[in-house]
Structure formats: C-alpha cells, structure tokens
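One structure is given here, and the rest of the page talks about it.
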Amino acid sequence: MNLFKEKYLKKRTYWATYIGDIQNLKITPRYQKVIDKVKKFSPNITNFLDIAGNSGYFANWIKEQTQIKEIISTDYDETAIEIGREKFSKNKVSMFVLNFVQKVENAQYFKCDAVCALAISHHILLSEKYSISSFFSDLKKYTNRYVYVEFCPLGLWAETLEVNIPKYYTQQWFEEHFKIFFKLLDKEVIEKVTINNTEFDRRILYVGEIL
C-alpha cells in the first residue's frame, strides 16, 4: 500500500479522502476553468483564499499557474489539512483548519484579495439550513474585492442518489441574492452531468466583485 495513503487511512474522516488519491491527482477541466477565470478577472491580486479547499489541491494548482504571492487553503476537516500540509508545504501553500460560517469572527485573519468557495454552497444551504443571505454576508467578510463561488443546481445529488431539491432552490434565487452583495462580473456552467440520458448543469461558477 502507498505509505502516504496508509498513514492517513487510520485517521480517515468524512471529507479527508473526498478527492481520492492526492498523490496522483490531475487537474480536471472544471478546476482549469476556475483558474482561467481567476487569471482573467483578478490578474493583479497578491493573495487568494480557498474556503473548504479540502487538502489544498486546488490552491496548489492556483499557485502553479499564477503569480499570486500568498495562497491560503482552509477546511474544517483536520485530517484533510494534515494531508495537504505534508503534500504541499514545499509549494508554500498555507493550510489552516477553519469552519468559515461557525468561526466568521476570525475572517479578519484570513481575508484576501479574492475568496473562492467551490462545492460548498449547496452543503451549507441545504444540509446546514443556513440562510442564503447569511451565506453571502459571511463570504463577503473574507474578501477585499473578488469572489468565486459555485452554485450546484442539482443540490446534494450524487451518482447514487435521486435529484431531490426544494422548489425555492433555483439559479434565479441564488443569483438574485448574489447580486445583493456582489457585482456580477461573470457566470459560466463549468460542469455538466448526464442523468437517465438527459444532460443537466451540475456546477455554475459565479464571479463577483464586492459592492
């Protein structure tokens, strides 16, 4: 067994292995699209914060493909952070344990020129029952200027589950609240999925600037 994987197998937590084998991970088209947006809309920023970044793989790709001097990756899963620290410490990606909605009073210590929140809004809004206004209000506290956030139209859907979302949970609902807190700079479907021979939008990236 791979010694790196064996070391953390005994410490497995719910999200620690979310991304699979971090040793052999390759960038996907979805993540590349996000990076391209960052380079287009935030070319001169000096620091970047990735919220719920798991083991820091995306933050590491940002570091490799941009001139951003300071990259911070956070997650509330301690084991995921440990894995990232061991894997990416040489790349100068800073890793911290953080539950960004429960510890929003700490936002001042993590605030960067741009904040990124991928694959988290649906968990917070649907699983945690957090209000969408509170979600965007808290997210805004972590950025000096730019925000990159995904909306997942299928909600908590996964390959083994049926699509089951509340009626209010729509892209229009998400976008209307987004615009209360941020100026909409761009939006794009960055991932699709086929369910029962029908194609659906799975992830939509919103790029914004604080008002």
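Only the coordinates and a few stated rules stand behind these numbers; no lab work does. These numbers come from a predicted model, not from an experiment. Cβ coordinates were reconstructed from backbone atoms using ideal geometry, including for glycine residues, and neighbour counts include every protein chain displayed.
Observations
- Separation in nanometres of the label points that stand 7 Å from Cα toward Cβ, at T198 and K179: 2.7 nm
- For the pair N47 and Y109, label points projected 7 Å from Cα toward Cβ lie 1.3 nm apart.
- Karplus-derived 3J(HN,Hα) values for the range 94-108, using 6.51 cos²θ - 1.76 cosθ + 1.60 with θ = phi - 60°, are 7, 10, 9, 7, 7, 9, 5, 8, 8, 10, 5, 5, 8, 4, 4 Hz; glycine and proline are entered as x.
- Across the chain, C-alpha contacts under 8 Å between residues 6 or more apart give a mean separation that, scaled by the residue count, equals a relative contact order of 17 percent.
- When the square roots of the Cα gyration tensor eigenvalues are ordered a ≥ b ≥ c, the ratio a/c for the range 44-210 is 1.5 or more and a/b exceeds b/c, which makes its shape prolate.
- Cβ crowding within 10 Å ranks S73, S137, S94 as S137, S94, S73, fewest other Cβ atoms first.
- Given K40/K92; K33/K103; K39/K141; K26/K183; K87/K183, the pairs whose alpha carbons are separated by over 26 Å: K33/K103; K26/K183; K87/K183
- Label-point separation in nm, L25 to L161, each point 7 Å along Cα→Cβ: 2.1 nm
- Label zone at I210, where the point sits 7 Å out along the Cα-to-Cβ direction: the range 80-113 residues whose backbone N lies under 18 Å: 100-113
- Ignoring aspartates and glutamates fewer than eight residues from K69 along the same chain, the ones with Cα atoms less than 16 angstrom from its Cα are D50, D113.
- Per-residue ³J(HN,Hα) for the range 59-71, Karplus 6.51 cos²θ - 1.76 cosθ + 1.60, θ = phi - 60°, Hz, x for Gly and Pro: 4, 5, 5, 4, 4, 6, 9, 10, 9, 5, 6, 10, 10
- Close amide-amide hydrogen proximity is noted between C112 and T143, N144, each under 5 Å apart and 5 or more residues distant or on a separate chain (H modeled in the peptide plane; Pro and chain starts excluded).
- Estimated FRET transfer efficiency when R0 is 22 angstrom, pair Q171-V101 (beta carbons, to 0.05): 0.50
- Between V163, V38, V97, the residue with the greatest mean-square fluctuation in the GNM of the chain (Cα pairs under 10 Å linked by springs) is V163.
- Choice from L185, L118, L161 with maximal GNM fluctuation in the chain (Cα, 10 Å cutoff): L161
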